[in-house]
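The values are calculated or read from the model by the stated rules, or taken from the named source; none is laboratory data. Every value quoted in this text rests on a predicted model; they were computed, and no experiment measured them. Counting neighbours? That spans all protein chains shown, and the Cβs are built from the backbone with ideal geometry, glycine included.
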Amino acid sequence: MRDRIVAGNWKMNLNYEEAIHLATNLNAWVADNQPIAQVIIAPPSIYLQTLLEAVDEQYIKVSSQDISAHEKGAYTGDISAEQLDSIGLDFAIIGHSERREYQGETDIIIAEKLKQAFKYQINPILCVGEKLEEREAEKHFDVVKTQLLDALVAQKPEDLSRLIIAYEPVWAIGTGKTATPEQAQEIHAFIRKVLNDEFGVEVANDTSVLYGGSVNAQNADEIFAQPDIDGGLVGGASLKYDDFVQIIAACK
Ligand SMILES: O=C[C@H](O)COP(=O)(O)O
C-alpha cells in the first residue's frame with residue numbers, strides 16, 4: 001500500500017504568528033479527525049525549527065521547501081541536508097518548478113540535491129512537470145520522463161524507497177487552471193510506467209505520486225479518486241485552514 005499524502009507548500013507566505021496559528025490549528029484538526037493521509041507542511045525555512053516543536057510529529061510532518069546541492073561550505077543562503085537532519089527534519093521538496101525557473105535549478109543540480117537528501121535520510125518530494133508550451137506541443141510525456149530519469153538514475157537503488165514524486169504541470173500552478181482528473185491520471189500512470197521500466201515494479205508500486213496545481217476544496221475529491229494519484233502538493237489552498245482540512249479529508 002502506498003502512503004496517501006497531502007502536503008501544503010506555503011512558499012514565501014505567512015508571518016511568524018500566522019505560521020504558528022495555522023500549524024497548531026492543523027495539528028489539532030489532525031489529532032481530532034485522524035485522516036488517512038499523512039499531512040505535511042512546508043513552511044519558509046525560518047520557521048522550520050519552531051514548527052517542528054509546535055506540532056506533534058505523529059500528526060504532522062514538517063518539510064523544507066528546498067535543500068542545498070552541497071554538503072557544506074561557502075554557499076551563502078543555502079541550507080544543507082545535514083543541517084536539516086540535525087533539527088530532526090525528515091522531508092524536503094526538491095526541484096519545484098519555481099526554483100527551476102527563478103533559481104536556475106537544472107536536472108543535474110536537482111540530482112545532487114536528491115543525493116544530499118538521501119545521504120541524511122530525508123524523504124525528498126521530487127517535483128516534475130511540463131510548461132504550457134510543452135503541453136501544447138504534446139511534449140509533456142518526454143519532458144516529465146527526462147526530468148525523472150535525470151534526477152533518479154544517479155541515485156542508489158536502495159534510496160528510492162524514500163522517494164515521493166509530485167507531478168505539477170507548471171501551467172496549473174497558482175493559475176486556477178487544474179489539469180482534469182483524466183489528464184492528471186494519464187501522466188501519473190505514465191510516471192509509474194517510467195518507474196517500473198527503469199527501477200522495477202517495487203519502486204513503481206510503492207512510490208507515492210502526488211498531484212499539484214490549483215488543488216482546492218472543490219476539486220480535490222475527484223483528483224484524489226484517480227487510481228495513480230496518491231494525494232496532493234497544495235500551494236495557495238494550503239494557506240487557508242478551512243480549505244486545507246477539506247482537501248486533507250478528501251484524500252481517502
Ligand atoms: O507546490 C505547490 C504547487 O506549486 C501548487 O500551487 P497551487 O496549489 O497554488 O497551484
Looking across segment 225-245 at residues that are in a helix (DSSP H, G or I) and away from the ligand (no atom under 14 Å from the Cβ), the single one that is surrounded by the most Cβ atoms within 10 Å (Cβ to Cβ) is Val245
Among Asp78, Asp66, the single one that is of a type in the set (D, E, K, R), more than 23 Å from Ala220 (Cα to Cα) and touching a strand residue (DSSP E or B) at 6+ places or on another chain (Cβ under 9 Å) is Asp66
In the set Ala204, Ala166, the lone residue that is among the aliphatic types (A, V, I, L, M) and free of Cβ contacts under 8 Å to residues at least 24 places away in the same chain is Ala204
For this session: Could you tell me whether Val62 is assigned to a strand (DSSP E or B) and free of Cβ contacts under 8 Å to residues at least 60 places away in the same chain?
Result: yes
Flagged pairs (Cβ under 9 angstrom, 6 or more apart or on separate chains; first in segment 67-82, acidic (Asp, Glu); second assigned to a helix (DSSP H, G or I)) are Glu71/Ala81; Glu71/Glu82; Glu71/Gln116; Glu71/Lys119; Glu82/Gln116; Glu82/Lys119
Next on the checklist: Residue under question is Leu48, and the condition is that it be at positive phi and surrounded by 13 or more Cβ atoms within 10 Å (Cβ to Cβ); does it hold?
Outcome noted: no
Within segment 1-25, the residues that are within 16 Å of the ligand (Cβ to nearest atom) and either over 12 Å from Ile247 (Cα atoms) or touching a His at 6+ places or on another chain (Cβ under 8 Å) (or both) are Asn9, Trp10, Lys11, Met12, Asn13, Leu14, Leu22
Subset of segment 83-129, residues polar (S, T, N, Q) and without any contact (Cβ under 8 Å) to a residue 24 or more places away in the chain, comes to Gln83, Ser86, Gln103, Thr106
Of Gln103, Gln155, Gln185, Gln116, the only residue that is surrounded by fewer than 16 Cβ atoms within 10 Å (Cβ to Cβ) and at pLDDT 95 or above is Gln103
Does segment 82-95 contain any residue that is part of a loop (DSSP other than H, G, I, E, B) and within 16 Å of the ligand (Cβ to nearest atom)? yes
Conditions (1) within 14 Å of the ligand (Cβ to nearest atom); (2) part of a loop (DSSP other than H, G, I, E, B); (3) touching a helix residue (DSSP H, G or I) at 6+ places or on another chain (Cβ under 8 Å) -> Thr175 fails only (3)
